[in-house]
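In what follows, a structure is listed as structure tokens, so that the remarks can point back to it.
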Amino acid sequence: LGRIWQVVEGEEWPETCTEFNSDIAIDWLQSKSVWQRSSASQFFLEQGEKYSKAWESLLTNQSADQRGKSRAAFLLNRFGLLDQKHIDLMLTAEKEDLRVLGLHLSRSYEAWMAHLPDLVLDQSSVVLLELSSRVAGASEMNPMVRIQALTDIALNPDADELVMSVVGSVAADDVLPLAESISSRGDTVSKIFLHLFQLKKNNQIFQAKTSF
């Protein structure tokens with residue numbers, strides 16, 4: 001059996017080097033080559049956190065490539081060095097992938113609560129999907145704040161079927177005011193949500209009646 005060592009697009013082969021060091025690794029974190037990015041990440045994982053300053057510089061560099069920033073955030077998080085200022089930076093990033101990663105790497109809802117008013121208005125359905133998942137799972141949030149956030153997400157015109165299905169996964173009793181608010185949206189996505197909501201509510205009523 002053979003082994004695939006490099007995955008490339010078209011005829012663009014990644015460069016190799018005879019001597020590998022941290023400077024080259026930082027450059028490779030931003031490479032178009034998945035192989036180079038993975039090799040650089042593995043190098044830093046094996047070296048430990050002694051290069052954390054370089055990762056932080058990459059993450060905070062406005063002109064750095066998004067792929068490199070994502071890898072830098074992953075490395076900082078891997079060694080427990082990702083803090084609130086890094087999360088804030090990612091949640092306000094221009095690229096949607098970094099905003100999604102910032103939400104994903106947040107350890108608790110408090111980390112992104114300050115950004116909630118802007119996040120619920122995000123124009124990326126990918127960001128809204130991650131946000132809806134985090135809000136739906138944050139049962140420790142203030143109930144009114146949580147329901148209002150879910151309502152704002154669902155009323156966002158960029159919320160697609162996947163986002164609505166996550167919003168609809170919240171307990172029916174909790175989202176009754178939400179369902180009523182969403183009806184004002186009047187498009188196909190909101191109709192799908194209301195249908196799923198009614199099915200979920202009916203199922204909960206059935207389970208309550210048949211439980212002993």
Inset, instruction - Could you list which residues have their amide H under 5 Å from that of residue 82, counting only those 5 or more apart in sequence or on another chain, with H placed in the peptide plane? - result: 77
Inset, instruction - Note down the net charge around residue 140, summing +1 for each Lys or Arg and -1 for each Asp or Glu among other residues with Cβ under 10 Å from its Cβ. - result: 0
Inset, instruction - Would you mind calculating the gained length between residue 47 and residue 23 on full extension (0.36 nm times residue separation, minus the Cα-Cα distance), in nm to one decimal? - result: 7.3 nm
Inset, instruction - Restrict the search to the stretch 51-157; then list the trypsin sites (Lys or Arg not before Pro) that DSSP places in a loop and that have at most 13 other Cβ atoms within 10 Å of their Cβ. - result: 107
Inset, instruction - Determine how large the accessible area of residue 152 is when every protein chain is in place; take a 1.4 Å probe and give Å² rounded to the nearest 10. - result: 60 Å²
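The values are calculated or read from the model by the stated rules, or taken from the named source; none is laboratory data. Bear in mind the structure is a predicted one, so any value in this text is a computation, not a measurement. Backbone-built Cβ (ideal geometry, glycine too); neighbour counts: all protein chains shown. Side chains included, ligands, DNA and RNA excluded: accessible areas come from the protein's heavy atoms. Shrake-Rupley method; radii C 1.70, N 1.55, O 1.52, S 1.80 Å.
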